[in-house]
Amino acid sequence: MLHQLLVPLVVGFAAGAALRPVVAALIVPVGHPTCPAGPVHPRSLYGLLLTTGRDHSGHWGVPCLLEVTTAAAFAAVAAGGASGWYAVAQYWIAFLGAGLLLIDSAVQRLPNVLTLHAGAGTLVLLTAAAAAGEPGSLSRAVAVAAAAGALFTAAALGGMGLGDAKLAVSLGALLGWHSWQAALVALVTSYFLGAVVAIGLLVTGRQHRKSHLAFGPFLIIGTLATLVTST
């Protein structure tokens, strides 16, 4: 099993390295201008490297965090055993999802450039899967994506960000291709993980009741976990 995961781990690590300049440019708080394209000084990666998030002092955390996260996401997809264009769609979400997970965790934003590419790419790849006659349902994928988008757009009225709604469209489509049940399980799993982390942060005093906890990472983790166990 470990041998079968070696290639996805290596490819995922390389994909994370390729994504790093994009994440470095986007991992800034809401309202701040994005960093220019090209080489970025390591200190600007304060969120990516798990710094305090309070300033740009550049306290180093986990080295190669993006690469390791992407490698783990690719390994999870491979462990799920999906094949064909549906597998490619899962790797696409794992690729962009790793960057979105770290950006949202650090600065609580889900940039349009990643969420919209995630949605468009997923739709194209699932359409290719349908054209190839792979098991699954494109119409159900579209229906779940629309339902997820509507649900999280309504939730945005209660304080949840619209970025979560855009992300939910691509994740919902990926889950909906498999089944409505998978989409429901992923949603429950995501909220459960979010609740556990929120309670843990409250108990340890790292957050208070009015603190805002980024939900995007839990949506991504909940989706990948569901796909791994249901594919």
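Provide the net charge surrounding Pro111, with neighbours chosen by a C-beta distance below 11 Å and charges set as Lys +1, Arg +1, Asp -1, Glu -1. Spelling it out: positives minus negatives among the neighbours equals +1. Charge tally around Ile220: other residues with Cβ under 12 Å, Lys/Arg +1 each, Asp/Glu -1 each, net -2. Evaluating 6.51 cos²θ - 1.76 cosθ + 1.60 at θ = phi - 60° for every residue in region 216-221, the Karplus couplings come out as x, x, 6, 5, 5, 5 Hz, glycine and proline recorded as x.
A crude spin-label estimate for the pair Arg206 and Gln4, with each label 7 Å from Cα along the Cβ direction, gives 3.4 nm.
Of Trp177, Trp85, the sequence from fewest to most neighbouring Cβ atoms within 10 angstrom is Trp85, Trp177. Remark: spin-label model distance Ala154-Tyr191 equals 1.2 nm, labels positioned 7 Å along the Cα→Cβ axis. Between Ala14 and Val68, the modelled labels are 2.2 nm apart [label points 7 Å from Cα along Cα→Cβ].
Readers should treat all values here as calculations from the given coordinates under stated rules, not as data from a laboratory. These numbers come from a predicted model, not from an experiment. Glycine also receives a Cβ, built like all others from the backbone with ideal geometry; neighbour counts cover every protein chain displayed.
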